[in-house]
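J.: Take this structure first; my questions come after.
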Amino acid sequence: MDPSVGALFEALGLDPSSDTFSEDLVYSILDTGDLTYDLVSAQMGIPEIIGPSYAGDFWGEDVVNTGRFVSTGLYSDIDVQLTDSWGFAAGIRYSRDDKEFSWAVSERTLDGSSLTSMVDQLYPLLDDLNASKTWDKLTGRALLRYSYFDGMVYTSYSSGYKAGGYDSLNPATAMDPFEPESISNIELGYKGTLFGALRVQANLYQMDVTDRQEMVFSQLPGSAALVPLVINGDQSIFGAEMIVDWHATDTWKLGLITEFRDIDSEWEPFYNSQGLLTEDETNTSSATSYTLTSDWSPDWSFAGGFLKWHLDYVYEQNVAEDRPDLHPVAYTIPGYFNDTQVLNTRVSWQSAGGRYEAAIWGQNLTDNTTVGPIEGMAAEILGTPTVTVSNPRTIGIDFRYSFF
């Protein structure tokens with residue numbers, strides 16, 4: 001059976017192998033070109049049934065947006081040294097955002113002519129839809145610090161703001177724009193030198209995010225495919241950060257950068273990538289990351305120049321499973337939930353005057369594979385997710401000459 005006719009029968013829910021369908025019927029359909037397909041499409045109200053003459057053509061819908069955004073800010077900041085040891089800093093800012101936005105959705109043509117039966121598959125036809133709104137917010141910070149001989153401790157409170165707005169692919173936000181995002185953060189920290197050779201920066205923080213703006217892939221009711229959608233959610237984040245530099249010897253320095261986060265999230269209801277309404281979408285997660293570094297610069301010369309050896313190891317816990325719109329197809333993608341575990345190194349020689357340099361380096365020597373977020377909007381319907389894969393183990397040689 002001709003594949004295009006078989007596809008038509010399948011769309012109608014009929015069995016092409018049945019004795020009801022003779023070769024004469026198949027050839028009759030083929031002889032009429034698009035006519036039979038157009039008649040069936042009109043009778044059944046299924047615009048996706050189109051004739052074989054369109055095979056290989058691309059179809060889509062065009063969404064054209066225009067916007068005008070004006071952001072105005074007025075702020076002031078002070079820093080006062082109260083005594084030799086105590087200091088205080090504070091600031092305040094007033095922000096105002098005026099936004100105008102519009103949507104226009106037009107037909108896309110196939111083979112030079114408009115295929116009217118295929119419009120309004122993803123978005124309603126719009127000549128010109130306009131919206132405008134103003135958001136404003138008062139934010140600020142306050143910091144109290146105590147300094148002593150070789151260090152400082154401090155505590156601070158700060159707040160931030162990001163304006164609300166309109167979703168370029170969701171005309172419904174003309175009437176219901178996504179909310180502005182606001183952040184408040186309390187922090188307790190230390191910066192100083194310990195034992196004469198250990199430089200330390202450490203802090204604890206509690207951050208509360210109200211109406212965080214997050215992009216998800218959503219299949220809205222009546223839609224044939226996934227579209228990007230901006231939703232709002234609340235997050236409470238407790239974290240700790242530390243940076244340590246240790247001069248183990250005059251020529252050898254070790255470093256550590258690490259962070260821990262514990263996150264509670266609650267997202268507003270939205271239609272997920274399977275077209276299901278998710279309500280009370282909440283999750284609790286934690287994430288750890290750290291980077292270990294080693295830098296060695298021997299104080300003896302080699303071939304009239306100097307050697308340097310850098311080594312670093314990067315670990316980052318994978319938190320993809322905590323996304324509010326995690327697509328089930330992610331569990332079929334090898335490496336999608338892998339943690340980042342990367343070892344890099346570089347050994348270089350530089351001439352005494354700094355004009356010449358040669359180096360051999362290796363990146364991702366552990367050959368760790370990580371996979372980026374799912375980008376393909378056809379993942380659910382066609383099973384064709386698109387992801388970005390990290391670079392494999394890479395080794396190279398550099399030569400550099402400076403003219404100055």
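The values are calculated or read from the model by the stated rules, or taken from the named source; none is laboratory data. Model, not experiment: these values are computed from the prediction. For neighbour counting, all protein chains shown are included, and Cβ atoms are generated from backbone atoms with ideal geometry for every residue, glycine included. Just the protein is used for accessible areas: all its heavy atoms, side chains included, with ligands, DNA and RNA removed. Shrake-Rupley method; radii C 1.70, N 1.55, O 1.52, S 1.80 Å.
J.: Do we find that PHE238 is in contact with a strand residue (DSSP E or B) (Cβ under 6 Å, 6 or more places away or on another chain) and either surrounded by fewer than 16 Cβ atoms within 10 Å (Cβ to Cβ) or within 26 Å of GLU357 (Cα to Cα) (or both) in this structure?
T.: Against the criterion (in contact with a strand residue (DSSP E or B) (Cβ under 6 Å, 6 or more places away or on another chain) and either surrounded by fewer than 16 Cβ atoms within 10 Å (Cβ to Cβ) or within 26 Å of GLU357 (Cα to Cα) (or both)), PHE238 qualifies.
J.: Taking the residues in segment 286-316 that are open to solvent by less than 60 Å² (accessible area, probe 1.4 Å), modelled with pLDDT under 95 and among the aliphatic types (A, V, I, L, M) as candidates, determine which candidate is nearest to the chain's Cα centre (by Cα).
T.: Among them, the one singled out is ALA287.
J.: Go through (1) assigned to a strand (DSSP E or B); (2) touching a helix residue (DSSP H, G or I) at 6+ places or on another chain (Cβ under 7 Å) for ILE183 and report which single condition fails.
T.: That leaves (2) as the condition not met.
J.: So, one more: Enumerate the helices (runs of 4 or more DSSP H) found wholly within segment 1-74, keeping only those where 1 or more residues are more than 30 Å from LYS99 (Cβ to Cβ) and at pLDDT 75 or above.
T.: Output list reads 23-31, 35-44.
J.: Scan (1) aliphatic (A, V, I, L, M); (2) part of a strand (DSSP E or B); (3) surrounded by 14 or more Cβ atoms within 10 Å (Cβ to Cβ) for the single condition ILE374 breaks and write down its number.
T.: For ILE374, the exception is condition (2).
J.: If you go through segment 264-275, how many residues are in a strand (DSSP E or B) and open to solvent by less than 30 Å² (accessible area, probe 1.4 Å)?
T.: 3
J.: Here are some residues: PRO228, PRO221. Which one is within 23 Å of PRO324 (Cα to Cα), in contact with a Leu (Cβ under 7 Å, 6 or more places away or on another chain) and surrounded by fewer than 16 Cβ atoms within 10 Å (Cβ to Cβ)?
T.: Answer to the check: PRO228.
J.: Of the residues that sit in segment 244-262 and are out of contact with any Ser or Thr (no Cβ under 8 Å at 6 or more places or on another chain) and in a strand (DSSP E or B), which one is most open to solvent (accessible area, probe 1.4 Å)?
T.: For segment 244-262, the residue satisfying everything is TRP246.
J.: I'm trying to understand the selection: among the residues of segment 157-179, which are open to solvent by less than 40 Å² (accessible area, probe 1.4 Å) and closer than 16 Å to ASP98 by Cα?
T.: ALA163, GLY164, GLY165, TYR166, ASP167, THR173, ALA174, PRO177, PHE178
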